[in-house]
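In what follows, a structure is listed as structure tokens, so that the remarks can point back to it.
We did not get these values from a lab; they are worked out from the coordinates using the rules stated. Note that this is a predicted model, so its numbers are computed, not measured. Cβ: placed from backbone, ideal geometry, glycine included. Neighbour counts: every protein chain shown.
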Amino acid sequence: MKALVCNTPGEFSYINKEIPSVEDGMVLLKMRRLGICGTDYHAFEGTQPFFEYPRILGHEIAAEVIEVGAGLNFKTGDLVTISPYFYCGTCIACRSGRTNCCVKIKVFGVHIDGAMQEYITVPASAIVSGEGLTVDELALVEPLAIGAHGVGLAQLNKGDHVVILGAGPIGLGTIAFAKISGAEVIVIDVNDNRLSFCSERFGITHTINPLKTDALAQLSKITNGEMAKVVIDCTGNLKAINNAFTFLAHTGKFIMIGLQKGNIEVVHPEFHKREAVLMSSRNALPNDFAYVIDCIRKGSIKPTDFITHNVPFSEVKEKFNHLLNANESLIKALINFDE
């Protein structure tokens, strides 16, 4: 089988590997679709934290069951996705049910080799049934679960003003679930194409491009001077994060889904007087995956609306740079293994 390896930042190569054998407790999957996410782009650029090379990237999976270990209930031909956060089950986070931030976590395609290969084996415990979903929908379950998890942490109430920074794939999922919660969503992004997408596909009334208007003044006007009850960052951009503390209402909550390497700067008196909460949102939990799949089945979210690019697996090495720089047109790219 073929695999695509990121050897060093900026360098991919195809290699030949043996199809992995199936051990007890494991499932052999044939890849059908793979979403390309910010983590993959950042790894290729050399800006992803917690990363070592060489690495096979990819963790947004739609796959077909080929073979299962002894005693497992999956059937050959089942379409599935996976929860790609392999956890120890014994650390302080796991013991409290927070397996998404396990002390010894191994994220598929980040800490260990991932899914940019034709076949993979994963623990049966990671399998998420995709009954009723298409392969394109399944490939977007994991990134949508990340957005759902962040929105869950926000504990939004109907009518709350929530600012979402960044309208990339993670941001769009976050926007969708914030809308489902009944919150008043305000989207800030420097890409007018993505802001238009939010208005047209999600009916977002308030979008702000901070390169073209005073975002703080605009937000104050929208919220009648109260500012945002919740700010959720989906950019991983240090400047955007640091600037957004001024968007918080008193008693507000700032949730960071995006990740970057720099130091966050907070003006302590401004943050303190708000009695604000600063919280990170990492990965997702099983209930987030279940919630996303339920929303897809009900039609309250349509993940295929996000897909703008579809690349055959054999052409990923050649076209990855183009995707990386397709800022105006790219929303979500899928790798297609059905060549």
* Asked: If you stretched the chain out fully between Ser125 and Ile19, how much longer would it get, using 0.36 nm times the residue separation minus the C-alpha to C-alpha distance?
  -> 36.1 nm
* Stretch Leu72-Thr246 to full length: gain in nm at 0.36 nm per residue minus the Cα-Cα span? -> 57.5 nm
* Asked: For Thr213, what charge total do you get from the other residues with a beta carbon under 14 Å from its beta carbon, if Lys and Arg give +1 and Asp and Glu give -1?
  -> -1
* Asked: If the chain between Ser329 and His309 were fully stretched, how many nm would it gain, using 0.36 nm times the residue separation less the Cα-Cα distance?
  -> 6.3 nm
* To do: Would you mind telling me the antiparallel percentage of the DSSP bridges in the chain, rounded to 5?
  => 55 percent
* To do: Scan around Val311 for amide H atoms under 5 Å from its own, H built in the peptide plane at 1.01 Å from N, and keep only partners 5 or more places away or cross-chain.
  => Leu334, Ile335, Asn336
* Separation between the Asn209 and Ile92 pseudo-spin-labels, each 7 Å from Cα along Cα→Cβ, expressed in nm? -> 4.6 nm
* Hey, of (i) 133; (ii) 181; (iii) 151, which did the structure itself give for volume of the Cα convex hull per residue in Å³ when calculated? -> (i)
* By average C-beta atoms within 10 angstrom, highest first, the peptides 6-14, 138-146, 84-92 -> 138-146, 84-92, 6-14
* Kindly rank 213-225, 235-247 from highest to lowest mean number of other beta carbons found within 10 Å of each residue. => 235-247, 213-225
* Total lysine pairs whose alpha carbons fall under 26 Å of each other in the range 95-231 (8 or more apart, or interchain) -> 9
* Using a Förster distance of 56 angstrom, determine the FRET efficiency expected from the C-beta separation of Met1 and Ser199, and round it to 0.05. => 0.85
* Could you give the dipole magnitude of the range 146-280 about its Cα centre, charging the beta-carbon of Lys and Arg +1 and that of Asp and Glu -1, in debye to the nearest 20? -> 120 debye
* To do: Taking the chain as the reference, fit the longest principal axis to its C-alpha atoms, fit the long axis of helix 169-180 to the helix C-alpha atoms, and give the angle between the two in degrees, 0 to 90, nearest 10.
  => 60 degrees
* Structure fact -> In degrees rounded to 10, the 0-90 angle between helix 192-202 Cα long axis and the longest Cα principal axis of the chain is 80 degrees
* Asked: Relative to the longest principal axis of the chain, what angle (0 to 90°, nearest 10) does the C-alpha long axis of helix 141-154 take?
  -> 30 degrees
* Structure fact -> In nm, the gap between the two label points placed 7 Å beyond Cα toward Cβ at Tyr53 and Ser220 is 4.6 nm
* Please get the size of the charge dipole for the chain, origin at its Cα centre, with Cβ charges of +1 on Lys and Arg and -1 on Asp and Glu, quoted in debye to the nearest 20. => 800 debye
* Note down the magnitude of the dipole of the range 10-106 about its Cα centre, charges +1 on Lys and Arg C-beta and -1 on Asp and Glu C-beta and zero elsewhere, to the nearest 20 debye. => 320 debye
